[in-house]
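To keep things clear, I will list the structure first and then write my remarks on it.
The values are calculated or read from the model by the stated rules, or taken from the named source; none is laboratory data. None of the values given here were measured: they were computed from a predicted structure. We place every Cβ from the backbone using ideal geometry, glycine too, and count neighbours over all the protein chains shown. Heads up: the accessible areas ignore ligands, DNA and RNA and are worked out on the full protein's heavy atoms, side chains in. Shrake-Rupley method; radii C 1.70, N 1.55, O 1.52, S 1.80 Å.
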Amino acid sequence: MKQAFDSRIEQAISLRQQQGLLRRTQAIGDGNHRKFALNGERFINFSSNDYLGLAASEELALAYQQAIAKYGSGSGASPLVTGYSTSHANLDSALSEWLGYDNAIFFSSGFAANQALLFSLLEKGDLLLQDRLNHASLMEAGMLSPATMKRYRHGDLSHLASLFVPSTPTFAVTESVFSMDGDIAPVDEFIQQCQLANVMTMVDDAHGIGVLGDDGLGALSQCQRKPDILVVTFGKAFGLNGAAVLCSKAMSEYLTQFARHYIYSTAFSAAHASALLTALTMIQTQVWRREKLSELGAMFREGVAHLPAYVETQTPIKPWVMGDEVNTLALCSELKSNGIWTTAIRPPTVAKDTARLRITLSATHTSSDISALVNCLEESAKELPCQKR
Ligand SMILES: Cc1ncc(COP(=O)(O)O)c(C=O)c1O
């Protein structure tokens, strides 16, 4: 009965509408990521994850164009058919060597990588432990997997340890930098604790790679130890898209046999792999991008740290926690009317009473962009109270 689906769709959308939670795409016009046009207005973009400014980089765009001219634009097949090229193999070697793993297995997105890993690895009777603020891709895969999933309190390693069950195959997963809060997980202690209990570890370094550490090594720059599995995504600091799972030889062999998102999905192209290799070199050598990011972060802190919605972070993710959803949306529109684009994040994406603007900085921002943001936040704070708890 097709009508059942029609009415389900209609009801779900109208409920979203009534709750004021309807999501919409907006077609961003011309611009260079730092600034874009929408409906004839121009905005400074404080919403993207292009932390190092590579998505807008002419150097990277040129390398991509040259690679397309050489290899063509598509891969034409999944990796195990004919979609895996020498460019992929070169990227695998460079990434694995840099991060200290045997192999990198590539996926079309971080979402696919996380799902593929959990689905292929977990069996009934296993225990999956996740930080309760882990990304939707990890949570969803955990819930749908045959394992028992438990969530530990955010960053609370004693709680994590209390959930260990002796003699049960256990897999523990954390993000390195939490995408909505910008805080950094105690990754080294997480790994140490899991190693002591013989628990397998995975760190999702989507927001850390390229950004954390003088060398951009991400989560690993904060650690003496390495997780068994490291996931890095290419849609943030790398300025492109896709993801890699860094792991041991045995694990890469296993994923090649059993990770369905890998086996049954078209590989990203050789040109894309080649552009990713250029992005990797830029991340490794263009230290100025991280320095600029930290200067902009210091400027932001100096301008607004006295305001109650401010939250201190060591990353380019600067949550502006208003608490109340109505005031968060009002602040978001106020900033828009001043040419500043941020994203309002509301429950259920974040906990009740912690509605916020997710403000992100990029190495392409200028000091006048930060001044404009700071001035607007300062002015708005006079009219829109923060009700953070
Ligand atoms: C922590 C984390 N992991 C994974 C993903 C998914 O990555 P992708 O955008 O490449 O699908 C995201 C996306 O924002 C993320 O924040």
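Between Ile13, Ile105, Ile340, the Gaussian network model of the chain with springs among Cα atoms under 10 angstrom shows the greatest mean-square fluctuation at Ile13. All other residues whose Cβ lies under 15 angstrom from that of Leu118 are scored, Lys and Arg at +1 and Asp and Glu at -1, for a net of -3. For the chain, relative contact order (Cα pairs under 8 Å, six or more residues apart, normalised by length) works out to 22 percent. Helix-only mean residue ellipticity at 222 nm, the chain, DSSP H runs n ≥ 4 weighted -39,500 (n - 2.57), per residue, nearest 500. What is it? For the chain, the value works out to -13000 deg cm²/dmol.
Remark: accessible surface ordering of Val245, Val311, Val326 (largest first) is Val326, Val311, Val245, probe radius 1.4 Å.
Taking every alpha-carbon pair under 8 Å whose residues sit at least 6 apart, the range 58-285 reaches a relative contact order of 32 percent.
With springs only between Cα atoms under 10 Å apart, run a GNM on the chain and tell me which of Ser252, Ser120, Ser14 wobbles the most. Taking springs between Cα atoms under 10 Å, the residue moving most is Ser14. Here the spin labels are modelled as points 7 Å beyond Cα on the Cα-Cβ line, and at Asn338 and Ala77 they lie 5.6 nm apart. When the chain is treated as a GNM with alpha-carbon contacts under 10 Å, the residue of Asn198, Asn103, Asn134 showing the greatest mean-square fluctuation is Asn198. The base-10 log of I(q)/I(0) for the range 176-271, evaluated at q = 0.16, 0.18, 0.20 Å⁻¹, reads -0.76, -0.93, -1.08 [Debye formula, identical scatterers on Cα atoms, solvent excluded]. Span-like helix criteria (full DSSP H runs; alpha carbon extent of at least 24 Å along the helix axis; mean Kyte-Doolittle hydropathy of at least 1.0) are satisfied in the chain by no helix. Between the beta carbons of Val311 and Thr256, assuming R0 = 35 Å, the FRET efficiency works out to 0.25 to the nearest 0.05. For the chain, DSSP calls about 55 percent of its internal beta bridges antiparallel. Sorting the segments 79-91, 164-176, 312-324, 106-118 by their mean number of nearby beta carbons within 10 angstrom, highest to lowest, gives 106-118, 312-324, 164-176, 79-91.
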